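The values are calculated or read from the model by the stated rules, or taken from the named source; none is laboratory data. What you are looking at is a predicted structure, and each value in this text was computed from that prediction instead of being measured. Cβ placement follows ideal geometry from the backbone for every residue including glycine, while neighbour counts extend to all protein chains displayed.
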Amino acid sequence: MIRIPVEQWCIAVERSDAEATRRRLGEQGLLDRRLRPRPEGSRVLLPVLEPIQGTIRCAFEAFPERPELPRHELVGGIAIMQEVDRAGAERLLSSRPSLHTVLFPESAVGGKFRTRRFTVLAGVPTTRTQVVEYGLRFNVDLARAYFSARLSTERQRILSLMEDGERVLDMFAGVGPFAITLAQRARVVFAADVNPAAVRLMIENIALNRAGNIVPMLADASRLDRIDLAPFDRIVMNLPLAAARFLPVAFNLCRDGGQIHLYALQEREGEYLPQIRLLTAGDVRERRVRSHSPGRWHAVYDICVEKR
Ligand code: SAM
């Protein structure tokens, strides 16, 4: 079949940056998924939906048309749908060979362990799967421990900020995606969670990725400064509804000049700055990570700890 090229805006990136940029554009809703990216010399042309900085017009081949599929989010071999549509779930399952299960969330993310309840709409009756992220593999069980594939770019961003040989603490580690990513440059990563199921999966994931420099801990983050672990060069705090409450503990554990990454769900820019300013006069950078619901978004505060 002859396919007529389609003209679209695009960004040219070096081959080595192409996968990371494609993911980032996808997460930002800018990637034109109907068109096939194409190589050009040492670079790859990525089609985007609107003109942004550095875009040019180029011709692309369209992917073959697929039958209309229900909206879904992919986590490894699981698709999470937003409606109870069993026929749509069966279509989804047969359209993607990598899928083994289609789920519908019966509840929002909730409780101390930040988990959800699911109904199986199609496929193998399981909430367990394996996710591959930037060459790392994570076993997840969506009903028993929190995991979000949408933070993959954020984990790479923190990795890119690191110096080799850092001492890192992940206070709310879940199944270990931040800890295992950052262990690639760290000397040691201490990774705590209060959910025993999450810690069990984290131990599996440490073995799966042969990460020999992570100390998994079944521990409450509020008590970590009672253990003789400090000082840390970098601390990750990914508990967006409540992490700010644990900031004083994180400041006790971080060295002067170290960095804390505080993830927070907020409705106003700078909402958590007053709490941060009670503890440090150091540099603070705030970034939007992803939207949550109308008027609310996940932000990250990169905080430089300056001890008075
Ligand atoms: N960092 C992981 C990730 O990105 O997938 C998990 C983040 S999830 C939003 C927050 C995690 O914090 C959950 O796994 C939950 O069990 C854990 N948690 C909640 N309260 C905690 C506490 N007081 N101490 C340690 N972990 C806690």
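Annotations for the structure displayed:
- Matching residues in region 67-119 - criterion: being β-branched (Val, Ile, Thr) and in contact with a helix residue (DSSP H, G or I) (Cβ under 9 Å, 6 or more places away or on another chain): Val75, Thr101, Val102, Thr115
- Verdict on Arg144 being surrounded by fewer than 17 Cβ atoms within 10 Å (Cβ to Cβ), within 16 Å of the ligand (Cβ to nearest atom) and of a type in the set (Lys, Arg): no
- Being farther than 17 Å from Ile180 by Cβ and surrounded by 14 or more Cβ atoms within 10 Å (Cβ to Cβ) holds for only one residue in Leu241, Leu262, Leu208, Leu278, and it is Leu262.
- Of all the criteria given as (1) surrounded by 14 or more Cβ atoms within 10 Å (Cβ to Cβ); (2) under 30 Å from Arg137 (Cα atoms); (3) out of contact with any Pro (no Cβ under 7 Å at 6 or more places or on another chain); (4) not basic (Lys, Arg), the one not satisfied by Ser293 is (1).
- Conditions (1) within 13 Å of the ligand (Cβ to nearest atom); (2) under 21 Å from Val236 (Cα atoms); (3) in contact with an Asp or Glu (Cβ under 9 Å, 6 or more places away or on another chain): number failed by Gly111: (3)
- Those residues of region 191-238 which are part of a helix (DSSP H, G or I), touching a residue at least 24 places away in the same chain (Cβ under 8 Å) and more than 12 Å from the ligand (Cβ to nearest atom), in sequence order: Glu204, Ile206, Leu208, Asp225
- Residues of region 1-39 satisfying the condition of being surrounded by 12 or more Cβ atoms within 10 Å (Cβ to Cβ), more than 24 Å from His292 (Cβ to Cβ) and among the acidic types (Asp, Glu): Asp17, Glu19, Asp32
- Wholly within region 68-107, strands (runs of 3 or more DSSP E) carrying at least 2 residues that are surrounded by 14 or more Cβ atoms within 10 Å (Cβ to Cβ), within 24 Å of the chain's Cα centre (by Cα) and at pLDDT below 95: 72-75
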